[in-house]
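The values are calculated or read from the model by the stated rules, or taken from the named source; none is laboratory data. Quantities reported herein were computed from a predicted structural model and do not represent experimental measurements. Cβ: placed from backbone, ideal geometry, glycine included. Neighbour counts: every protein chain shown.
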Amino acid sequence: MKARQVIALIKNKPVAAALAILKIVNKKPASLLNKILESAVNNAKNKGFEASQLYISNMIALNGPMWKRFRAGSFGRAQPILKHTTHVKVELDLMPEAVSKAAFKEKISKTKKTAVK
């Protein structure tokens, strides 16, 4: 839930704006999401895209495995501690202005066709 609150702030925004928002937000997941987003941008740069033309088309935080730890309790008992983890998926896409209008319309029509099925 903590990561999802921060993701809601930056979803569907340009990469530069999202990085600026993450630096300002005073929540623990913001610094971790900043690292993840910078890594995704660097991967896109290696594939030939420019960072100024990218925006976050989709970003999802899913539940990861729980780390199970135990703490000493009263009368020799053990109290469980569940440390939650998160899997974050990031999808970057070109901004609609950077893509030709015909290619953008084609992409939209393909997504509509798959949604209908």
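Observations, loosely collected:
- Within the stretch 28-49, considering residues that are outside any helix (DSSP H, G or I) and surrounded by fewer than 11 Cβ atoms within 10 Å (Cβ to Cβ), the one farthest from the chain's Cα centre (by Cα): Gly48
- On the stretch given as the stretch 48-93, residues that are more than 21 Å from Ala16 (Cα to Cα) and in contact (Cβ under 8 Å) with a residue 60 or more places away in the chain total 1.
- Cβ pairs under 9 Å, 6+ apart, first in the stretch 3-26 and without any contact (Cβ under 8 Å) to a residue 60 or more places away in the chain and farther than 19 Å from Ala51 by Cβ, second part of a loop (DSSP other than H, G, I, E, B) and charged (D, E, K, R): Gln5/Lys27; Val6/Lys27
- Test: residue in the stretch 69-77 that is surrounded by 10 or more Cβ atoms within 10 Å (Cβ to Cβ), part of a strand (DSSP E or B) and modelled with pLDDT of 90 or more: yes
- Scan of the stretch 69-95 for residues that are among the small types (Gly, Ala, Ser) and in contact with a Lys or Arg (Cβ under 8 Å, 6 or more places away or on another chain), ordered by number: Ala78
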